Amino acid sequence: YLWKDLFMMVEGQVMSPAWLNVISSVAPIVGLIISVQLLWVGVRRLAFISAAVCAVAFVALTSSSVRLAAGSLLLCIIAVKSTYGPLGTCASLIKAESFPTELRASAYGIVSVAAKIT
């Protein structure tokens, strides 16, 4: 719940913090749409690029001048939130690529049986 607190700290608000939060909430979908266009670079590279964008935006958020201006704050938060979808998807794809289907299906079956027993 960091984002709403950061939106509340903005000086001379043009829009309400609620609207800023609503605007930034569409960023994960936008991030997925952008990342689909970048799949040609590979899943691991796309995960690295997304993590780098997120890290740069978080570093920018450590600056008080960025946090106190609505435009720069919104831009940084959109940059961070736009990496949510691609990073989660890339992590799932990397896991799927790492193990053969037989192993994944067997592990899922064992976990399902263990869950029913306990």
Fill in: Long-range neighbours under 6 Å by Cβ, at least six apart or interchain, first residue closer than 15 Å to Ser92 by Cβ within the stretch 32-56, second open to solvent by 100 Å² or more (accessible area, probe 1.4 Å) and of a type in the set (Gly, Ala, Ser)
none
Worksheet, complete the sentence: Checking Leu20, Leu74, Leu93 in turn, the sole residue that is at pLDDT below 95, farther than 28 Å from Asp5 by Cα and part of a helix (DSSP H, G or I) turns out to be Leu93
Worksheet entry | Evaluation of Leu6 against (1) within 14 Å of the chain's Cα centre (by Cα); (2) in contact (Cβ under 8 Å) with a residue 60 or more places away in the chain (one fails), failing number | (1)
Worksheet item: When the stretch 23-49 is examined, which residues are found to be among the aliphatic types (A, V, I, L, M), part of a loop (DSSP other than H, G, I, E, B) and in contact with a helix residue (DSSP H, G or I) (Cβ under 8 Å, 6 or more places away or on another chain)?
Response: Leu38
Worksheet item: When you scan the stretch 50-66, how many residues do you find that are β-branched (Val, Ile, Thr), assigned to a helix (DSSP H, G or I) and surrounded by fewer than 17 Cβ atoms within 10 Å (Cβ to Cβ)?
Response: 2
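The values are calculated or read from the model by the stated rules, or taken from the named source; none is laboratory data. From a predicted model like this one, the values you see are computed outputs, not experimental measurements. Methodologically, a virtual Cβ is constructed for each residue, glycine included, from the backbone with ideal geometry; neighbour enumeration extends over all protein chains shown. Please note that ligands, DNA and RNA were not included when accessible areas were found on the heavy atoms of the full protein model with its side chains. Shrake-Rupley method; radii C 1.70, N 1.55, O 1.52, S 1.80 Å.
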